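Reading through the C-alpha cells given below for one structure.
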C-alpha cells in the first residue's frame, strides 16, 4: 500500500501550449507522451463511491494494471488517499489479488461485498505528457492530461472533457508540491486548484 499525494490543477484548453512550454523548461526537456485507457468499476448503487473508493483497470504501453483507491480527501487541489496497484493479464479485474493487497484496510470489507456486483460504469481515456522534476528537495511526477470521461446511461453516451495537470509526490515533503504548483500558476495563470477527480467526474455522468 502507498499513500498517494498529488495536486490537481484544472487547465484551460487555450493554455495547453503555454503549460507544455513551461514544463519543458522546468523539466529540462520535452515530456514523454503516452496514451492511457481506463475502465472504472462499481456496483449499480455505487457502493464503492459511497465510501470514497474507486476500482479501475488501466491499459498502458507496458500492459494492464488494476488499482484500488480508498479513503482520503481533497482540499485546495491536494488529493491524498490509499492506493494499491498491480499488473494484471487484461481488461478484467483479478479480485483475489486486489483483496489480498488491501486486506488490512477497512475498505477491503466493502470491496469484498461489492465484488459480485461490480460492473464497468465509465471510462477515462486521455493522452498524458510526463515530466519527472526535482524541486525543493523533492521528486515530483508532473502529468498533463487531455481527453475525456465517458459513460453510457439509458442508451445514451455522455462525456466531459479532461484538461488538467497533476503533480504527484514521489519523494520528499508535501510543501514541495505546493511550491511547484505556485510556480506553475505564476507562469500559466489559467491553472486553478481542482478538488474533483476523474473518477468523481465519471460518477457525475453516471448519476446525472
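Here are the numbers for this structure:
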item	result
Enumeration of residues in segment 148-188 that are in contact (Cβ under 8 Å) with a residue 40 or more places away in the chain, out of contact with any helix residue (DSSP H, G or I) (no Cβ under 9 Å at 6 or more places or on another chain) and under 20 Å from residue 58 (Cα atoms)	166
Filtered residue count, segment 170-195, keeping only those that are surrounded by fewer than 15 Cβ atoms within 10 Å (Cβ to Cβ), in contact with a strand residue (DSSP E or B) (Cβ under 8 Å, 6 or more places away or on another chain) and in a loop (DSSP other than H, G, I, E, B)	2
Residue match in segment 44-54 (condition: modelled with pLDDT of 95 or more, surrounded by 15 or more Cβ atoms within 10 Å (Cβ to Cβ) and closer than 30 Å to residue 16 by Cα)	no
Criterion (without any contact (Cβ under 8 Å) to a residue 12 or more places away in the chain and either within 30 Å of residue 140 (Cβ to Cβ) or not in a strand (DSSP E or B) (or both)) met by exactly one of 116, 87	116
Pairs, first over 19 Å from residue 173 (Cβ atoms) in segment 4-18, second at pLDDT 95 or above and assigned to a helix (DSSP H, G or I), C-beta under 6 Å, six or more apart	11/19
Single match in 39, 7, 3 (criterion: within 19 Å of the chain's Cα centre (by Cα) and either on the phi > 0 side of the Ramachandran plot or loosely packed, with under 12 Cβ neighbours inside 10 Å (or both))	3
Evaluation of residue 87 against (1) over 17 Å from residue 202 (Cβ atoms); (2) within 12 Å of the chain's Cα centre (by Cα) (one fails), failing number	(2)
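The values are calculated or read from the model by the stated rules, or taken from the named source; none is laboratory data. Because the structure is a prediction, the values reported are computed rather than measured. Don't worry about glycine lacking a Cβ; one is built from the backbone with ideal geometry, like all the others, and counts go over all protein chains shown.
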